[in-house]
Ligand SMILES: Cc1cc2nc3c(=O)[nH]c(=O)nc-3n(C[C@H](O)[C@H](O)[C@H](O)COP(=O)(O)OP(=O)(O)OC[C@H]3O[C@@H](n4cnc5c(N)ncnc54)[C@H](O)[C@@H]3O)c2cc1C
Ligand code: SF4
Ligand code: SF4
Ligand code: FES
């Protein structure tokens, strides 16, 4: 039996794997795609650490900025842990060979790493690798995993956690290639499956696979989730494809204008405020554009070559000559699996969660740019170590294959059941519904509407199924399983949003525009015993 | 407009009709799967050209589906030299094996004083998204499935140039067999790379480093000198003579 089973092979999962292996554990990493396909590859801007390589900075400022942005909803001890460990985490990545951008200052080691300012930071704090920070960190972690001979189970889709009396014993997977349902036993499990932004299908910067599968699996296994209502919207995504145009476009002097050509907001305000200003323009029937024409072609090609290309490809506009149509879309999910300070999941012993899927309470109501790559590496390490510590004393008594059989039957039922209703239009409908009624500006009437519509969709789900009946490599089946997870999380997000009659960080509610001291607390949800695990 | 996609079950090109207008191929594939044929199978992730998941062949050339704009009559096929799992989805596990054999990682890490210029030395190489396009384009795979291949060698080169590596010879040693000398320098990999990486140049550089470490082109030795003459009497050179 392996010591530590890691589910999810993005930046968080790979860091946890390296840490657990380093501590002496036997490790396996299962993911639904290949490690380098993970959403972590998409992070552009940077990773925060108070190195002070470019001007003054210190750990206390990093803590203060993070706490301020969290709007009263962070665990200050955890924020302190993360910020204090940031320089050490950068030093670790430096030792592994991450090709960070550099300064010419004649110094050595991490002191030569270039840093830039991101929104909400009081200093130039984000370490970066050109426009490819996430990609280069992820690939370096992957290279190191190969060096350390980490075992990978690629194309293994997590179905359920296997538990016995509230203790994790492993997990069940659908081997996407063969179509076989497998049960993998482990002394401890780390969930690192990423966020649930893809619920806003069509209105998110996220990758297709960020469907919150791990969060849903925890709920089914009796664990708790928290703060699900806090979803960050990025102000500038391309209008038709929702692909991110990085914040640096505004940082370099880009304007936001409506179709009358008027500027309507200070572009350098925090993400949530800018996003709301754009959204209200859109609600008034205005189209909104990012104007970078005045920067000139040469500067654009130097600063934002990726964006220029993506604009041409997806919007058919040349940013040097034309306005870029944009809209704010879902970008990051602050809520997720409820964990304690050791990253252990509330309600499931021996199960740990880390990365965007978990809520370790460092972002609170609003995440700062550059703190997520830090979170996944700093806490990834902690998760790997804690899981191994736990595994050392955990029983190696395997459980029977009840869960595997249940899951195999459930999959089998999908093959035999007639698919009367195509679910793909509903996936899109859910994305629309969430964007319009559980979006940037919320109100209770629309939230209740959304809840009703989600209930109707859950009812309708009984008529839905897969029309591709192939046993192997069935992406139609995976898409459907992901959609089912989205339908589990959808009401959690809406009811949490309904319960929060106030405005705080990314959650803004009409009629309750102020923070309410009485609501300065976390929204925790856990299913009753009878309803857990299918 | 119509496009054709190679279906693995029937091994035929199936026609699909798309609404007129320019769209990325990936959107076209999703459109087909969602509205016409749920069995059409392909892989995708970021839709922004960074995750490397969606590479396919369009009219015989490697493209990222999320970055290629569909044109009427396009013929879409899976990558070459990869086992086809289903339709456009291929098995990319060999990538891991070639990376493992190339030992493309930092072997012995040391602290270094890196500059902006040092960053530029490996900037292009580290833009690689492991999309496998270059493997699909490389003609060596038609004859030698064990070739380490363009991206693994690019990555190996990237680590040998890193000042933080204090034992680059290790990596050089590991790219000799089925490696740097097996490339025919045709440049196909460079031509198809969506990230403008030049694996051919990286391989050439690795050859230079190999020579510095005392390696030489194995085919060069056999072709030019035939069987070495250890007696020292002929015009062949003595490999044990020490030069
Ligand atoms: C466009 C964009 C730009 C960003 N820029 C920045 C930035 O500049 N700085 C910053 O700090 N943050 C940034 N972020 C946020 C940051 O990238 C993510 O929060 C972070 O990478 C999440 O890492 P992770 O390891 O938790 O999850 P992911 O990288 O999403 O990995 C999740 C893993 O879980 C696997 N998985 C999911 N479901 C299953 C299942 N059912 N079974 C098996 N495996 C599964 C996936 O295959 C994947 O391997 C950005 C995000 C986006 C989308
Ligand atoms: S240059 Fe070498 S590696 Fe590149 S395609 Fe040609 S033979 Fe293959
Ligand atoms: S070198 Fe280019 S073509 Fe080859 S895998 Fe990397 S990005 Fe793709
Ligand atoms: S979907 Fe990620 S590269 Fe095309």
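Between segment A:404-473 and segment A:89-133, how many Å separate their Cα centres?
43
Could you check the simple spin-label distance between residue B:97 and residue B:4, using points 7 Å along Cα→Cβ, in nm with one decimal?
Simple spin-label model gives 3.2 nm for this pair.
Need one value for B:127-139: mean number of C-beta atoms belonging to other chains within 10 Å of its residues' C-beta atoms. It would help to have the intermediate numbers written out before the result.
Values: counts 8, 4, 7, 8, 2, 0, 0, 0, 0, 0, 0, 0, 0.
Taking the mean over all residues of the peptide, I get 2.
Dividing the convex hull volume of the Cα atoms of segment A:161-281 by its residue count, what figure in Å³ per residue is obtained? The partial results should precede the final answer.
Values: hull volume 17.7 nm³, N = 121.
Spelled out: Cα convex hull of segment A:161-281, divided by residues, is 147 Å³.
Report, as an integer, the average count of C-beta atoms from other chains found within 10 Å of each Cβ along A:203-212. Don't skip to the answer; put the middle values down first.
On the way: counts 0, 0, 3, 2, 8, 9, 5, 1, 0, 0.
Other-chain Cβ atoms within 10 Å of each residue's Cβ, averaged: 3.
So what does log10 I(q)/I(0) come out to for chain B at q = 0.08, 0.12, 0.14 Å⁻¹, using the Debye formula with one equal point on every Cα and no solvent?
Taking Cα atoms of chain B as identical point scatterers yields -0.40, -0.76, -0.93.
So for the pair residue A:22, residue A:397, with labels modelled 7 Å out along Cα→Cβ, what separation do we get in nm?
Placing both labels 7 Å along Cα→Cβ, they lie 3.5 nm apart.
Please compute, for peptide A:96-109, the average count of beta-carbon atoms on other protein chains lying within 10 Å of each residue's beta-carbon. Walk me through the numbers before you get to the answer.
Details: counts 4, 11, 3, 12, 2, 5, 8, 4, 6, 3, 2, 2, 5, 6.
Rounded to a whole number, the mean comes out at 5.
DSSP beta bridges in the protein assembly as shown, what fraction antiparallel, as a percent rounded to 5?
Working: 57 of 80 bridges.
Antiparallel: roughly 70 percent of the beta bridges in the protein assembly as shown.
Give me the one-decimal nm value for the distance between modelled label points at residue B:109 and residue A:469, 7 Å along each residue's Cα-to-Cβ direction.
5.3
Translational diffusion coefficient, Stokes-Einstein: compute it for the protein assembly as shown using the Kirkwood radius over C-alpha pairs as Rh, at 37 °C and 0.692 mPa s, and state it as an integer in µm² s⁻¹.
On the way: Rh = 27.1 Å.
Answer, rounded: 121 µm²/s.
What's the extension gain from residue A:460 to residue A:421 if we count 0.36 nm per residue and subtract their Cα-Cα distance? Before the final figure, lay out the partial values.
Values: separation 39, 0.36 × 39 = 14.04 nm, distance 0.82 nm.
Full extension of this stretch gives 13.2 nm more.
Among rounded, prolate and oblate, which fits segment A:40-161 when a ≥ b ≥ c are the square roots of the eigenvalues of its C-alpha gyration tensor, a/c under 1.5 means rounded, and a/b larger than b/c means prolate? Walk me through the numbers on the way to the answer.
Working: a/c = 2.07, a/b = 1.25, b/c = 1.66.
Here segment A:40-161 falls in the oblate category.
Computed FRET efficiency, Cβ-Cβ of residue B:14 and residue A:449, R0 30 Å: what is it to the nearest 0.05? Could you put the intermediate results ahead of the total?
Values: r = 42 Å, r/R0 = 1.39.
The formula returns an efficiency of 0.10 here.
Only counting other Cβ atoms within 10 Å, I'd like A:498, B:171 sorted with the fewest neighbours first.
Values: A:498 17, B:171 24.
Sorted ascending by nearby Cβ count, the order is A:498, B:171.
Using alpha-carbon positions, what is the distance between the centroids of segment B:118-139 and segment B:26-45, in Å?
If you average the Cα positions of each part, the centres end up 27 Å apart.
Sort A:321, A:509 so that the residue with the fewest other Cβ atoms within 10 Å of its own Cβ comes first and the one with the most comes last. Don't skip to the answer; put the middle values down first.
Values: A:321 8, A:509 20.
Exposure proxy ranking, most exposed first: A:321, A:509.
Could you work out the relative contact order of segment A:265-396, using alpha carbon pairs under 8 angstrom and six or more residues apart, expressed as a whole percent?
Values: 130 pairs, mean separation 22.5, N = 132.
Result for segment A:265-396 is 17 percent.
If I take every Cα pair under 8 Å that is 6 or more residues apart in chain A, average their sequence separation and divide by the length, what percent do I get for the relative contact order? Numbers along the way, then the final one.
Details: 1200 pairs, mean separation 117.1, N = 534.
About 22 percent, as a whole number.
Mind jotting down the distance between the C-alpha centroids of segment A:12-84 and segment A:268-345, whole Å?
Between the Cα centres of segment A:268-345 and segment A:12-84 lies a distance of 23 Å.
Using the beta-carbon distance between residue A:515 and residue B:177 and R0 = 56 Å, what value does 1/(1 + (r/R0)^6) give for FRET efficiency, to the nearest 0.05? All intermediate terms of the calculation are to be shown ahead of the outcome.
Working: r = 65 Å, r/R0 = 1.16.
That pair, residue A:515 with residue B:177, gives E of 0.30.
What's the FRET efficiency of residue A:76 with residue B:186 using the Cβ-Cβ distance as r and R₀ = 56 Å, to the nearest 0.05? Don't skip to the answer; put the middle values down first.
On the way: r = 59 Å, r/R0 = 1.06.
The computed FRET efficiency comes out at 0.40.
Could you pull out which residues in segment A:190-204 have an amide N less than 18 Å from a spot 7 Å beyond the Cα of residue A:436, following the Cα-Cβ vector?
Residues A:199-204 fall inside that zone.
Relative contact order of segment A:64-150, please, whole-number percent, based on alpha carbon pairs below 8 angstrom and at least 6 residues apart. Walk me through the numbers before you get to the answer.
Working: 68 pairs, mean separation 20.1, N = 87.
Across segment A:64-150, relative contact order equals 23 percent.
How do B:86, B:117 rank when sorted from fewest to most other Cβ atoms within 10 Å of their own Cβ?
Numbers: B:86 22, B:117 9.
The order, fewest Cβ neighbours first, is B:117, B:86.
Over segment A:383-446, with a single point scatterer placed on each C-alpha, what log10 of the ratio I(q)/I(0) does the Debye formula yield at q = 0.26, 0.28, 0.30 1/Å?
-1.10, -1.14, -1.14
Bear in mind these aren't lab numbers, they're just calculated from the coordinates by the rules spelled out. None of these values were measured; they are calculated from a predicted model. Heads up, the Cβs are rebuilt from the backbone with ideal geometry, glycines too, and the neighbour counts pull from every protein chain shown.
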